[in-house]
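A short reminder: the numbers here are calculations on the coordinates, not readings from a lab. Model, not experiment: these values are computed from the prediction. Neighbour counts are summed over all protein chains in view; Cβ atoms, including those assigned to glycine, are modelled from backbone coordinates with ideal geometry.
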Amino acid sequence: MTQSQTYIDQGMELSQQGNFKSAIKAFSQAAKVDPKDAFAYYNRAIAYYQIGQKKKALQDFNTALKLAPDDSMAYNNRGYVNDDLGKLQDALEDYTAALKLNPEQAQTYNNRGYVYYRMGNPAAAMADFNEAISLDANLAQAYYYRGYAFEKRGELKKAMMDYDEAIFLDPDLVQAIYNRGNLFFNMQDYESALDDYSHALRLAPSFAKAYNNRANCYQKLGRIEEAFEDANRSVVLSPNNGNSHCTLAAIYGLKGEEIRFVHHLEIALKKGCPAWRMFETEEFKELKEIPQVKKLLNKFPASKA
């Protein structure tokens, strides 16, 4: 075993223990001993990424690929870093390069599909999600992304089926659970939506949107005090989210607390939330006649009902 490999093995062990800073030191020693050891840079890049030093990770992946230009996983992982840095075109090129070298990488198809989707190419995205699933039928994230794409296309039954499969494969996939909850809510299946939002919150206790949407479920089910508690949590966790203030305003309105209702309604409208929609429902029509509410609806032209 070479001295470089000894340092790399030490770094790998430290990485497995979660001690990434010490692992970086070990990989740096390996690179110092053998500056042409691509594996030293590759693993140091991963360790840098784990501690949030994405630009250093990118530099090391660049070096690793100069030394080993046929490493498909280095392209895939550099693509992931570029994606995280918002460099979608660079990420797309990296994932494509990885697939040219190894067209059997389901995760890379999934990653590229998500990039395609955000770049405004849903057809290419869907093709990649399908290919990812054909290569690995147990890849939960691919079902989630495809489900999301179906949902945005209005194919809600297909979206629900994919979210179901994603959650079956990975019961801790929070975003899939939350999105399925949204589908249930829009289907007016509030009990099922409530179950999904509660599940999501057990996994992610600071998920403000889930608190907000669960509050809306409780409201629909007539459980106003529970709705009030969740809406408050959502506002505390995400004070700049207009939807959270809109939900809290609605609950204050149902509780008959006019001053607080108007206060949160104004914040919601200022933050661009279409809070005026609540006045389209029978239970809020009378609140629209409050003088301060009329002034707010006139003040924000887009909110005029």
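With axes computed from alpha carbons, what is the tilt in degrees of helix 258-270 against the longest principal axis of the chain, rounded to the nearest 10 within 0 to 90?
Helix 258-270 sits roughly 40 degrees off the main axis of the chain.
Once a ≥ b ≥ c are taken as the square roots of the eigenvalues of the Cα gyration tensor of the stretch 1-88, is the result rounded (a/c under 1.5), prolate (a/b larger than b/c) or oblate (a/b not larger than b/c)?
Working: a/c = 2.22, a/b = 1.34, b/c = 1.65.
Judged from the Cα gyration tensor, the stretch 1-88 comes out oblate (a/c at least 1.5, b/c at or above a/b).
Considering only C-alpha atoms, what is the centroid distance from the stretch 13-63 to the stretch 131-167, in Å?
With the stretch 13-63 and the stretch 131-167 each reduced to a Cα centre, they are spaced 34 Å.
Evaluate the chain: find the radius of gyration of its Cα atoms, find its Kirkwood radius, and give the ratio Rg to Rh. It would help to have the intermediate numbers written out before the result.
Numbers: Rg = 24.7 Å, Rh = 22.3 Å.
Ratio of gyration radius to Kirkwood radius for the chain: 1.10.
Going by C-beta contacts inside 10 Å, put E155, E280 in order with the fewest on the left.
On the way: E155 14, E280 10.
Neighbour counts put them in this order, fewest first: E280, E155.
Identify all lysines with a Cα-Cα distance to K54 below 30 Å; exclude those on the same chain that are fewer than 8 residues away in sequence.
Hits, sequence-local ones excluded: K21, K25, K32, K36, K66, K87, K100, K209.
Among residues other than D189 whose Cβ falls under 13 Å from its Cβ, what is the net charge (Lys/Arg +1, Asp/Glu -1)?
On the way: positive: R180, K220; negative: E191, D195, D196.
Combined, the nearby Lys, Arg, Asp and Glu give -1.
Considering the stretch 131-199, what Rg and Dmax in Å follow from its alpha-carbon atoms?
Over the stretch 131-199's Cα set, Rg and Dmax evaluate to 11.4, 36 Å.
Counting alpha carbon pairs within less than 8 Å and at least 6 residues apart, what relative contact order, in whole percent, applies to the stretch 114-181? Walk me through the numbers on the way to the answer.
Values: 68 pairs, mean separation 16.3, N = 68.
Worked out over the stretch 114-181, it gives 24 percent.
Report the residue, chosen from D94, D37, D164, that carries the largest GNM mean-square fluctuation when the chain is represented by alpha-carbon nodes joined by springs under 10 Å.
Largest GNM mean-square fluctuation: D37.
Taking the chain as a Gaussian network, Cα atoms linked when under 10 Å apart, which of L88, L201, L237 shows the biggest mean-square fluctuation?
Looking only at L88, L201, L237, the biggest GNM fluctuation is shown by L237.
Quick check: the angle from helix 72-84's long axis to the longest principal axis of the chain, C-alpha only, nearest 10 degrees?
It works out to around 30 degrees.
For A124 and Q5, FRET efficiency with R0 = 35 Å and r from the beta-carbon atoms, rounded to 0.05? Write out the running numbers ahead of the final one.
Numbers: r = 41 Å, r/R0 = 1.16.
According to the calculation, E is roughly 0.30.
Give me the percent relative contact order of the stretch 195-272, please, defined on Cα pairs under 8 angstrom at least 6 residues apart.
Working: 98 pairs, mean separation 18.2, N = 78.
Across the stretch 195-272, relative contact order equals 23 percent.
Short version: what are the Cα gyration tensor semi-axes of the stretch 15-152, square root of 5 times each eigenvalue, largest first, in whole Å?
Values: eigenvalues 176, 43, 35 Å².
Semi-axes (√(5λ), whole Å): 30, 15, 13.
Of the candidates E104, E286, E266, which one comes out as most mobile in a Gaussian network treatment of the chain with C-alpha springs shorter than 10 Å?
Evaluated over the chain, the most mobile residue of the options is E286.
With no solvent and one point per C-alpha, what does the Debye sum give as log10 I(q)/I(0) for the stretch 224-285 at q = 0.12, 0.21 Å⁻¹?
Rounded to two decimals, the profile gives -0.24, -0.74.
Cα centroid distance between the stretch 80-97 and the stretch 225-281, in Å?
Between the Cα centre of the stretch 80-97 and that of the stretch 225-281, the gap is 39 Å.
Starting at the first residue of the stretch 52-67, write each ³J(HN,Hα) from the Karplus equation 6.51 cos²θ - 1.76 cosθ + 1.60 with θ = phi - 60°, in whole Hz, x for Gly and Pro.
Karplus values, whole Hz, x for Gly and Pro: x, 8, 5, 5, 5, 4, 4, 4, 5, 5, 4, 5, 4, 6, 5, 7.
Residue by residue through the stretch 235-244, what is 3J(HN,Hα) from phi via Karplus (6.51 cos²θ - 1.76 cosθ + 1.60, θ = phi - 60°)? Round to whole Hz and write x for glycine and proline.
Each residue of the stretch 235-244 in turn: 5, 5, 6, 9, x, 9, 8, x, 4, 5 Hz.
Pairs of Cα atoms under 8 Å, at least six residues apart: use those to get the relative contact order of the stretch 53-100, whole percent.
Details: 43 pairs, mean separation 16.9, N = 48.
Computed over the stretch 53-100, the figure is 35 percent.
On a 0 to 90 degree scale, rounded to 10, what angle separates helix 38-50 from the longest Cα axis of the chain?
20
In whole angstrom, how long is each semi-axis of the equivalent ellipsoid of the stretch 59-128, when you take the square root of 5 times every eigenvalue of its Cα gyration tensor and sort them from largest down?
Values: eigenvalues 82, 38, 11 Å².
Taking √(5λ) for each Cα gyration eigenvalue gives 20, 14, 7 Å.
Say each of D136 and L88 gets a label point 7 Å from the Cα, pointing the same way as Cα to Cβ; how far apart are those two points in nm?
That separation, rounded to one decimal, is 2.3 nm.
For the stretch 170-240, rounded, prolate or oblate, judged on the Cα gyration tensor with a ≥ b ≥ c (square roots of eigenvalues), a/c < 1.5 rounded, else prolate if a/b > b/c?
Working: a/c = 1.94, a/b = 1.10, b/c = 1.77.
Note, shape of the stretch 170-240 comes out oblate.
Using θ = phi - 60° and the Karplus relation 6.51 cos²θ - 1.76 cosθ + 1.60, list the HN-Hα couplings for the stretch 178-186 in order, rounded to whole Hz, with x at every Gly or Pro.
My calculation for the stretch 178-186 gives 5, 5, 5, x, 4, 5, 4, 4, 5 Hz in order.
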